[in-house]
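Participant: Dropping the structure in here first, questions after.
The values are calculated or read from the model by the stated rules, or taken from the named source; none is laboratory data. Note that the coordinates shown come from a computational prediction; the quantities given were computed from them, not determined experimentally. Ideal geometry is used to build each Cβ from the backbone, glycine not excepted, and the neighbour counts take in all protein chains shown.
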Amino acid sequence: MYKKSALNSITDKILVYRAKRGDKEAYGKLYLKYIDSIYRYIFFRVNQNHEEAEDITEIVFFKAWEKFATFDEQAGGFQAWIYAICRNRVIDYYKKEKKQTKLLETHIDERENIEEKVLREEEFENVLAAVRKLPRDQGEVISLKFIEGLSNKEMSRILGKKENAIRALQFRALKNLQMILKHDGRHK
Amino acid sequence: MEDISKYREIISELSSLRAVAPRPAFRARFENLLIPALPSKKAGGFFFSFAVRLAILLIAFIVFGTTGIVLAAGQSKPGSFLYPVRQLVQNAKLAVATNPSTRALLHLEKARDKVEEMQTSASDRKTEQFEQKAEDYKKDIGKAVEEVQKSGIQQEKTAETVNEFLENQTRTLEELMTAAPTQNQPALEKAIDASQQGQEKMLEVQPENIPTPSNQSQSGNNEFGQEKANEHRNR
């Protein structure tokens with residue numbers, strides 16, 4: 001599981017310092033570092049549509065640039081801060097429209113044979129569908145913890161919840177997920 | 001405390017969802033277009049720049065009384081009582097402006113004033129002063145050009161504006177040449193030269209396929225052109 005090293009944290013601090021002083025290149029580097037995880041978070045939170053996820057990702061990073069001057073590193077790291085912006089944009093999205101989630105166009109390794117490909121696609125989509133059925137807060141914890149690999153401490157900063165609460169939520173989410181997959185005939 | 005190991009299989013399947021990623025075209029577009037398009041910010045803390053701005057405004061207010069004077073000065077011409085106020089306000093605006101395009105236009109304003117000063121004093125025999133005004137004009141054009149070169153994604157549009165301005169000023173200066181005394185003509189030639197060099201630099205900045213007053217080539221943008229960036233931002 002991905003863990004944020006001390007060096008990683010220092011790198012963020014340096015980039016944030018430079019970006020706060022108007023260095024767009026430093027901001028670009030921060031963007032490159034977090035774009036995948038921010039995009040994924042949004043992708044699973046909205047309708048699993050690439051275009052929508054891209055639009056919201058763009059808005060998040062533009063908003064973050066606009067608000068950079070007011071970003072307070074003492075209150076929490078850049079990661080927590082950008083996820084907070086991300087959550088707010090997703091909430092805005094929920095308020096504006098309710099969309100049906102669509103199945104993902106999967107990216108599969110071309111070297112696999114067709115049967116494996118189909119099986120893997122099916123498994124992938126089963127898990128996706130199951131995650132989609134979770135309540136929002138559980139889906140969020142699953143996404144941040146098990147897909148993005150954030151620690152409970154990091155999630156506590158992002159979600160504004162105590163670590164114990166997050167631990168309890170993640171177990172509830174996993175249990176729920178297991179039940180959904182069993183119900184869908186995936187697990188025995 | 002629950003044991004997470006019983007969910008190992010699910011957790012492993014969840015981690016496969018990490019394969020979801022932004023499309024390469026989106027990533028490339030964002031990196032190559034949208035990051036450079038972010039509005040520039042002045043280095044230095046927010047509080048410091050606010051304090052500087054406030055100090056300049058307060059000084060202008062205290063020294064020149066009401067803001068009405070400052071506003072009236074904006075319309076003043078060379079030789080008028082409020083013209084020095086206008087110059088001070090221009091310098092104050094330049095001190096606080098951070099956007100290179102804005103700064104370029106402010107330098108153009110100063111340059112235009114210099115041309116007006118030269119028009120007012122063209123028939124004077126004070127050659128040294130006239131030469132100084134031409135020199136100041138040249139400096140302002142130089143600074144405007146520098147700012148255009150820094151203005152990133154707004155560069156082409158600003159360059160077009162600067163180019164048009166320089167064309168007009170060149171015409172004005174050439175007309176002035178016909179009326180000015182002989183001793184003032186070398187200064188005017190320098191000023192015209194500076195205008196023309198500035199125009200050349202602005203044309204270098206503009207792609208050949210964007211129509212300009214001096215280049216009537218067809219316009220067009222590739223996938224990563226300005227128009228696409230604006231369109232995407234406005235979606």
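Participant: Is it the case that residue A:166 is touching a helix residue (DSSP H, G or I) at 6+ places or on another chain (Cβ under 8 Å), within 11 Å of chain B (Cβ to nearest Cβ) and among the aliphatic types (A, V, I, L, M)?
Facilitator: Taking the combined requirement at face value, the residue does not satisfy it.
For (1) more than 14 Å from residue B:199 (Cα to Cα); (2) more than 12 Å from the chain's Cα centre (by Cα); (3) acidic (Asp, Glu); (4) crowded, with 17+ Cβ neighbours inside 10 Å, each residue gets a yes or a no:
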{"site": "B:99", "(1), (2), (3), (4)": "yes, no, no, yes"}
{"site": "B:110", "(1), (2), (3), (4)": "yes, yes, no, yes"}
{"site": "B:130", "(1), (2), (3), (4)": "yes, yes, no, yes"}
{"site": "B:150", "(1), (2), (3), (4)": "yes, no, no, no"}
{"site": "B:170", "(1), (2), (3), (4)": "no, yes, no, yes"}
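Participant: If you go through segment A:60-73 one residue at a time, do you hit one that is under 20 Å from residue A:128 (Cβ atoms) and within 8 Å of another protein chain (Cβ to nearest Cβ)? Let's see the steps before the verdict.
Facilitator: Step one: filter segment A:60-73 for residues under 20 Å from residue A:128 (Cβ atoms), giving none.
Checked segment A:60-73: no residue is under 20 Å from residue A:128 (Cβ atoms) and within 8 Å of another protein chain (Cβ to nearest Cβ).
Participant: Go through segment A:15-56 residue by residue and tally those that are more than 7 Å from chain B (Cβ to nearest Cβ), closer than 20 Å to residue A:91 by Cα and not in a loop (DSSP other than H, G, I, E, B).
Facilitator: 11
Participant: Okay, next question. Tell me which helices (runs of 4 or more DSSP H) are completely within segment A:106-178 and hold 2 or more residues being surrounded by fewer than 17 Cβ atoms within 10 Å (Cβ to Cβ) and at pLDDT below 85, or say none if there are none. Steps first, answer last, please.
Facilitator: Details: elements: A:114-133, A:136-142, A:152-159.
Ranges flagged: A:114-133.
Participant: In segment B:140-188, what residues are among the basic types (Lys, Arg) and closer than 27 Å to residue B:123 by Cβ?
Facilitator: Of segment B:140-188, the ones among the basic types (Lys, Arg) are B:143, B:150, B:157, B:171.
Listed by number, the list holds a single entry, B:171.
Participant: Okay, next question. Yes or no: residue A:17 at pLDDT 80 or above, in contact with a Pro (Cβ under 6 Å, 6 or more places away or on another chain) and among the hydroxyl-bearing types (Ser, Thr, Tyr)?
Facilitator: Working: at pLDDT 80 or above: yes; in contact with a Pro (Cβ under 6 Å, 6 or more places away or on another chain): no; among the hydroxyl-bearing types (Ser, Thr, Tyr): yes.
In short, no.
Participant: With the structure loaded, tell me whether residue B:158 is surrounded by fewer than 19 Cβ atoms within 10 Å (Cβ to Cβ), β-branched (Val, Ile, Thr) and at negative phi or whether it fails that test. Write out each step before concluding.
Facilitator: Numbers: surrounded by fewer than 19 Cβ atoms within 10 Å (Cβ to Cβ): no; β-branched (Val, Ile, Thr): yes; at negative phi: yes.
The answer is no for residue B:158.
Participant: A further question on this structure: Take the residues of segment B:1-44 that are more than 7 Å from every other protein chain (Cβ to nearest Cβ) and under 25 Å from residue A:152 (Cα atoms): which is modelled with the lowest pLDDT?
Facilitator: Among them, the one singled out is B:1.
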